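A short write-up of the structure that comes next.
The values are calculated or read from the model by the stated rules, or taken from the named source; none is laboratory data. These numbers were taken from a predicted model, which means no experiment stands behind them. In this analysis, Cβ positions are derived from the backbone assuming ideal geometry, glycine residues included, and neighbour counts consider all displayed protein chains.
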Amino acid sequence: MGIMIVGIALLIGVQTFGENKHRVNADTLMLRSIRIANKAQQWLLTPSAMGGGRPESGASNFSGLTLDLKILGYKVDADNKYSDINGIYSADISGSAFVIEARSIPVSGRPDNVICVRVDGLDKDNITTDVNPEGGSCT
C-alpha cells in the first residue's frame, strides 16, 4: 500500500514538473520575441542614414520596408531563422506589420509552444501577442 502511494505521488510530481517546464518555455519564448519586437521598433525609429529603417518620409509602420532577424543583429541559419536553447524564431513583414513567430524545440510527447508577436507601429501598444494560436501558426 505504501509503495502505491509513493508511486502515485512520484507520477504526479513528474507530470507537474513537465507541465511547469512547458509553461516556462512559453514565457521564455515570449520574452525573447518581445525583445526582438523592441529591436524592430528601434530599427524603425533610427534614420536610414544611421543604419536604421526610417525612410525620409518618416514612416511609422513596416509597410514597404525590408527587415529580418539578420538585420537586427541575430545570427541566422540558411532559412533566415534564429535559434537558441528554448526555440526557433522567424520573422517577416506582413502588410504593415513585423511578425515574429517563435516555436519551442520539439520534445517527444509534448505539443510545441508557438508564440506570435506582431508589431504594427512605434508605440508599446502596437505590439500584440498570441500564445499557441488556433492552427499553430502566426499567419
Name the residues in region 81-139 that are in a strand (DSSP E or B) and small (G, A, S), would you? S83, G87, S90, A91, S94, A97, A102, S104
Name the single residue, out of those in region 88-139 being at pLDDT below 85 and within 21 Å of L72 (Cβ to Cβ), that is surrounded by the fewest Cβ atoms within 10 Å (Cβ to Cβ). T139
Would you check which residues across region 80-92 are of a type outside the set (F, W, Y) and closer than 23 Å to V131 by Cβ and list them? K81, S83, D84, I85, N86, G87, I88, S90, A91, D92
Going by what's in this entry, would T128 be described as without any contact (Cβ under 8 Å) to a residue 12 or more places away in the chain and within 16 Å of the chain's Cα centre (by Cα)? yes
Of the conditions (1) in a helix (DSSP H, G or I); (2) touching a residue at least 60 places away in the same chain (Cβ under 8 Å), Q42 fails just one. Which one is it? (2)
When (1) at pLDDT below 90; (2) more than 21 Å from D125 (Cα to Cα); (3) in contact with a strand residue (DSSP E or B) (Cβ under 9 Å, 6 or more places away or on another chain) are applied to S57, the one that fails is (3)
Is at least one residue of region 19-27 touching a residue at least 60 places away in the same chain (Cβ under 8 Å), within 22 Å of S137 (Cα to Cα), in a loop (DSSP other than H, G, I, E, B) and under 13 Å from the mean Cα position of the chain (by Cα)? no
